[in-house]
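Just so it is clear, none of the values below were taken in a lab; they were calculated from the coordinates. Values in this document were obtained by computation on a predicted structure and should not be read as measured data. Reconstructed Cβ throughout: ideal geometry from the backbone, glycine too, with neighbour counts over all protein chains shown.
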Amino acid sequence: MLTTKLSAAVAVSSSSSTLFLNPQNRFNFSKRIPSVANPSLCNSLRPIVEWSLSKRKMDASASLRAVSPRASAEQLKDPDQLIDSVETFIFDCDGVIWKGDKLIDGVPETLDMLRSKGKRLVFVTNNSTKSRKQYGKKFETLGLSVSEEEIFASSFAAAAYLKSIDFPKDKKVYVVGEDGILKELELAGIQYLGGPEDGEKKIELKPGFMMEHDENVGAVVVGFDRYFNYYKIQYATLCIRENPGCLFIATNRDAVTHLTDAQEWAGGGSMVGAVRGSTQREPLVVGKPSTFMMDYLANKFGISKSQICMVGDRLDTDILFGQNGGCKTLLVLSGVTSLSMLQNPDNTIQPDFYTNKISDFLSLKTAAV
Ligand SMILES: [Mg+2]
């Protein structure tokens, strides 16, 4: 199926493999979508199929390059030099801005200082359980003034992606995930089914039992889901395997997440992996480290990617996301990555700089005076 090729191609660019599609040939999501000349075609998935064809041609000509190993990350010593060299900072949230429900020390003052210097601040998270509006409330609760326009959660990315491909109005999305994805699809005017309400459903197997599914489902979106069950796996599998052209979209493939600070918990990648296993299809990933959100942000704000610094606490999502997008990268050690993990000889992902926490932007300056 054509969309399988597309999904596989995007997945290659978003994996932590050392092979990437050449960014020069990277597909521009918002500009190359063929328009539907004949409105009668809107009742099919033709836009998606046409787009897949065009993307497949581009993939065929895209050269694969091996990423040469980077030099070891430098400890940040002169934050002013980094601040002056970019116009936008993209921050991951958990482990950078907050930890669970607690703000990390010095964050408000650091964000204020960057804003006073005219820097654009954007917050990007792979967590799809909340919508942008719900994240806005979390920032507010923590005493931070951040507008919805500055927040990009992978729940929003899934809806933005479907809008960017002119997802047909008469098609529906089956959601394996929580409320955030439903809210964003609703705002985008996209019909959906599934989500939390399928969390209680069970399969009662009896001779000859067959599960029905909606043949109008044109995409399955899979995100982190605390109420994941066999019903959802089977429903998603039927849609992807039996509905022609049905897309398989993942908000992220994170192996682990931090539901509590006592241990690591199975992340969104575990739900995606189950559906991948039953469909033998690669998902199209819209969250980090795929560059979809980076491309979207660069287009929306008209930013050059070399003018962006990505700040995060995870190497395989945040730092890779920044590097895949051609941005500067800063690892903070206030989250899941320790200095020994960064400097482990087996680690191949090296940011440009590392520092303990973002408020080092202030304290290092004070120390330098
Ligand atoms: Mg994080």
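Between SER363 and GLU204, the FRET efficiency estimated from the beta carbon spacing at R0 = 56 angstrom works out to 0.40. Across the cross-link table entries LYS133/LYS328; LYS137/LYS183; LYS99/LYS130, which are compared at the Cα atoms, the separations over 19 Å belong to LYS133/LYS328. The modelled label-to-label distance between ASP84 and ALA262, using points 7 Å beyond Cα along the C-beta direction, is 5.0 nm. Counting beta carbons within 10 Å around each of VAL275, VAL124 and listing the fewest first gives the order VAL275, VAL124. Per-peptide packing, taken as the mean over residues of other Cβ atoms within 10 Å, places 352-361, 104-113 in the sequence 352-361, 104-113 from highest down.
Averaging over all projection directions, the Cα-based convex hull of segment 280-369 occupies 7.9 nm² in the image plane. Counting every alpha-carbon pair across segment 214-357, the share separated by more than 19 Å comes to 60%. Modelled this way, with points 7 Å down the Cα-to-C-beta line, the labels at GLU212 and LYS102 are 5.2 nm from one another. With each label modelled as a point 7 angstrom along the Cα→C-beta vector, the ASN299-ARG241 pair spans 3.4 nm. Starting from one equal scatterer on each C-alpha and no solvent at all, send me the Debye-based log10 I(q)/I(0) for segment 97-217 at q = 0.13 Å⁻¹, two decimals. Debye intensities relative to I(0), on a log10 scale: -0.65.
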